[in-house]
Protein chains: 2
Amino acid sequence: MYRIPILQMGQTLLVTIQVDMQDQMALALQDDLANKIASSDAKGVLIDISALEVVDSFVGRMLASISGISRVLDATTVVVGMQPAVAITLVELGLSLEGVRTALNVERGMELLAQARRAENAVAR
Amino acid sequence: MYRIPILQMGQTLLVTIQVDMQDQMALALQDDLANKIASSDAKGVLIDISALEVVDSFVGRMLASISGISRVLDATTVVVGMQPAVAITLVELGLSLEGVRTALNVERGMELLAQARRAENAVAR
């Protein structure tokens with residue numbers, strides 16, 4: 001089966017979603033990400049959806065679910081690159097991606113993750 | 001038409017190839033990359049092919065061609081994440097990806113790009 005690659009950069013994992021997600025693929029991605037977070041000690045997950053022209057409730061739930069899984073494994077998830085039209089449609093559909101953090105692009109997402117890590121370290125002290 | 005997204009991280013552009021390339025898609029990627037390098041002042045291009053289980057002569061030529069275009073636009077290209085089986089098949093086919101730099105994974109590729117930039121700066125002085 002086709003699996004979406006997960007790239008590691010330091011303590012951040014990067015996933016670029018380029019194709020319309022199906023059930024099996026979404027489940028595989030959740031599995032792979034959970035395993036990768038555990039094995040790599042990653043603290044952040046960036047999910048780029050700039051290639052998606054449609055985000056329906058299925059993808060919305062998948063993003064929320066990945067976000068939840070990461071949180072339990074002590075990693076922060078940021079969804080980046082959402083097209084403006086997608087944002088409009090999401091809100092019109094009543095999907096607000098609750099619990100999912102977003103950023104304009106990968107760079108901003110990385111800044112957000114760095115901030116989250118700093119805040120965590122400050123609390124830990 | 002489906003286009004492969006190009007992510008920007010500082011002066012580096014990152015492309016994850018996840019699907020088998022066809023003519024149109026390869027041409028579109030070359031176009032998009034050339035435009036993005038010019039508009040973003042990027043100095044490095046990372047192409048992740050970890051999802052590809054087959055790299056035939058068409059993809060090989062595309063990688064060489066992207067590498068050449070980037071060079072003319074003053075950017076270094078590094079192909080990362082090649083699966084061992086792909087490397088074996090490539091050599092058996094007599095395709096050695098001449099002129100294409102490679103690295104084991106994205107992190108190593110970034111180090112390579114950073115080195116290339118340092119070397120360039122040293123020469124410029």
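Could you derive backbone 3J(HN,Hα) for segment A:66-76 from the dihedral phi with the Karplus parameters 6.51, -1.76 and 1.60 (θ = phi - 60°), listing whole Hz in sequence and x where the residue is Gly or Pro?
With the stated coefficients, segment A:66-76 comes to 4, 4, x, 4, 4, 4, 4, 8, 6, 10, 9 Hz.
In deg cm²/dmol and to the nearest 500, what is the mean residue ellipticity at 222 nm of chain A if only DSSP H runs of at least 4 residues count, each as -39500 (n - 2.57), divided by the residue total?
That comes out to -16500 deg cm²/dmol.
So for segment A:30-99, averaging the separation of alpha carbon pairs under 8 Å that are six or more residues apart and normalising by length, what relative contact order in percent results?
42 percent
Please average, across the residues of B:8-21, the number of beta carbons from any other chain that are within 10 Å of each residue's own beta carbon, and give a whole number.
Going residue by residue through B:8-21 and averaging, the value is 3.
Sort shortest first the distances from B:Q115 to its counterpart in every other copy, using label points 7 Å along the Cα-to-beta-carbon line, and give them in nm.
3.6
Which distances, shortest first and in nm, link A:D32 to the matching position in the other copies, using label points set 7 Å out along Cα to C-beta?
Those label-point separations list as 1.8 nm.
When only C-alpha pairs under 8 Å and at least 6 residues apart count, what is the relative contact order of segment A:6-124, in percent?
Relative contact order comes out at 25 percent.
Write down the Kirkwood hydrodynamic radius of the protein assembly as shown, to one decimal in angstroms, obtained as one divided by the mean of 1/r over all alpha carbon pairs.
Kirkwood hydrodynamic radius for the protein assembly as shown: 19.1 Å.
What is the set of long-range amide H partners of A:T102 at a cut-off below 5 Å, with H atoms built 1.01 Å from backbone N?
Placed amide hydrogens put A:V79 under 5 Å from A:T102.
When each copy gets a label point 7 Å from Cα toward the beta-carbon at A:S57, what are the spacings between them in nm, shortest first?
5.2
Normalise the Cα radius of gyration of chain A by 2.2 N^0.38 Å (N = residues in it) and let me know the number.
1.02
Where a number appears in this text, it was derived from the coordinates with a stated rule and is not lab data. If you're wondering where the values come from, they're calculated on a predicted model, not measured in any experiment. FYI the Cβ positions are ideal-geometry reconstructions off the backbone, even for glycines, and counts take in every protein chain you see.
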